[in-house]
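Structure record follows, encoded as structure tokens.
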Amino acid sequence: MRSIVHLLENSKDSHLCNNVLKNNFFALDMIDPSFIDNDSNIIGVILATLYKKFLDYSKDKKVNEGERVKLAEAFAKVQHDFSRMMNEKAVPEDDLEALSSLSAAIDLRASMHELIEKFMKFIGMQNSVLLIPVDDIDLHSNAATMMVEQIRKYLVLPNVLIVMALKIDQLAKLKRLQFSREYRDEKSLNDNELDEMVDRYITKLLPYNHRVYMPEATVYWDAELQIKGKNHS
């Protein structure tokens with residue numbers, strides 16, 4: 001995953017011919033899901049990481065003060081929508097409260113998109129793509145399904161590329177466990193139907209053509225070690 005992130009950030013140095021590499025990318029620091037607990041979620045961690053980058057760039061005396069203020073306002077708007085969403089986790093009983101809860105989710109998605117656009121312009125990479133690497137999201141068993149769902153809801157945006165390192169089978173098992181708990185009262189739901197639900201969800205979350213499979217260790221058994229020097233190898 002780190003190799004892919006490095007390749008995308010330095011695509012101009014690559015000799016590969018690929019439509020994806022024609023875009024410009026700016027990568028955030030690696031997101032570590034171990035920071036996720038009951039009082040935070042992955043959107044909050046990503047938002048904090050993005051804000052740290054904003055503070056780092058704000059130290060440059062050459063920054064446009066007007067753009068800096070607009071970006072700070074965009075951060076405040078996202079934080080407001082994020083707080084609304086976090087405070088409305090419970091399923092509302094009132095219809096108007098349910099509409100308000102839905103509005104908070106829609107507002108957060110829209111404000112995230114606007115924030116990222118302004119951030120990319122602020123750092124001089126307008127019309128570029130924000131690259132967000134997330135490491136070992138499936139290892140955090142208590143929150144893995146929640147984190148991937150938040151990514152699917154709020155970060156599948158035109159100006160964002162999420163790169164995740166995970167074991168798909170393990171994530172599928174966690175999702176199956178979640179479904180089995182949610183539908184434990186549905187006696188008509190058998191194992192095959194449960195497996196089908198999990199498969200459909202994983203395929204929608206991670207389409208087959210979006211996956212990069214790591215090679216097995218056996219691939220390297222007969223490989224030679226090559227050391228490249230200045231004039232020879």
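The values are calculated or read from the model by the stated rules, or taken from the named source; none is laboratory data. Here the structure is a predicted model, which means the values were calculated and not measured. Virtual Cβ from ideal backbone geometry, glycine too; neighbours counted across all protein chains shown. Protein only, heavy atoms only, side chains kept; ligands, DNA and RNA dropped before computing areas. Shrake-Rupley method; radii C 1.70, N 1.55, O 1.52, S 1.80 Å.
Looking only at the stretch 180-213, how many residues end up being at pLDDT 85 or above and open to solvent by 90 Å² or more (accessible area, probe 1.4 Å)?
9
This table checks each residue for (1) touching a Pro at 6+ places or on another chain (Cβ under 6 Å); (2) part of a loop (DSSP other than H, G, I, E, B); (3) acidic (Asp, Glu).
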site	(1), (2), (3)
PRO133	no, no, no
ILE151	no, no, no
VAL156	no, yes, no
GLN170	no, no, no
ASP185	no, yes, yes
ASN192	no, no, no
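Report whether or not PHE26 is part of a helix (DSSP H, G or I), aromatic (Phe, Trp, Tyr) and on the phi < 0 side of the Ramachandran plot. Outline the logic, then answer.
Working: part of a helix (DSSP H, G or I): no; aromatic (Phe, Trp, Tyr): yes; on the phi < 0 side of the Ramachandran plot: yes.
When the stated conditions are applied, PHE26 does not pass them.
Only one residue in LEU177, LEU171, LEU157 is among the hydrophobic types (A, V, I, L, M, F, W, C) and open to solvent by 40 Å² or more (accessible area, probe 1.4 Å). Which one?
Details: LEU171 fails: open to solvent by 40 Å² or more (accessible area, probe 1.4 Å); LEU157 fails: open to solvent by 40 Å² or more (accessible area, probe 1.4 Å).
Answer to the selection: LEU177.
Exactly one condition in (1) closer than 24 Å to ASP135 by Cβ; (2) at pLDDT 85 or above; (3) open to solvent by less than 40 Å² (accessible area, probe 1.4 Å); (4) not small (Gly, Ala, Ser) is not met by LEU71; state its number.
Condition (1) is where LEU71 drops out.
Between ASP13, ASP32, which is of a type in the set (Asp, Glu) and open to solvent by less than 70 Å² (accessible area, probe 1.4 Å)? Please lay out each step first, then the result.
Values: ASP13 fails: open to solvent by less than 70 Å² (accessible area, probe 1.4 Å).
Criteria check complete, one pass: ASP32.
Conditions (1) farther than 29 Å from ILE106 by Cβ; (2) touching a residue at least 12 places away in the same chain (Cβ under 8 Å), marked per residue:
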{"residue": "THR145", "(1), (2)": "no, yes"}
{"residue": "LYS153", "(1), (2)": "no, yes"}
{"residue": "ASP191", "(1), (2)": "yes, no"}
{"residue": "LEU205", "(1), (2)": "no, yes"}
{"residue": "ASN209", "(1), (2)": "no, no"}
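For the stretch 9-33, what are the residues that are touching a strand residue (DSSP E or B) at 6+ places or on another chain (Cβ under 6 Å) and farther than 16 Å from PRO158 by Cα?
Once the filter is applied, which keeps residues that are touching a strand residue (DSSP E or B) at 6+ places or on another chain (Cβ under 6 Å) and farther than 16 Å from PRO158 by Cα, the stretch 9-33 yields GLU9, LEU28, MET30, ILE31.
Quick check on this structure: which one of ALA105, ALA90 is modelled with pLDDT under 85, in a helix (DSSP H, G or I) and either open to solvent by less than 40 Å² (accessible area, probe 1.4 Å) or among the hydrophobic types (A, V, I, L, M, F, W, C) (or both)? If you could, list the steps in order and put the result at the bottom.
Numbers: ALA90 fails: in a helix (DSSP H, G or I).
On inspection, the qualifying residue turns out to be ALA105.
Conditions (1) in a helix (DSSP H, G or I); (2) modelled with pLDDT under 75; (3) open to solvent by less than 40 Å² (accessible area, probe 1.4 Å), marked per residue:
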| site | (1), (2), (3) |
| --- | --- |
| LEU8 | yes, no, yes |
| VAL45 | yes, no, yes |
| TYR51 | yes, no, no |
| LYS62 | no, no, no |
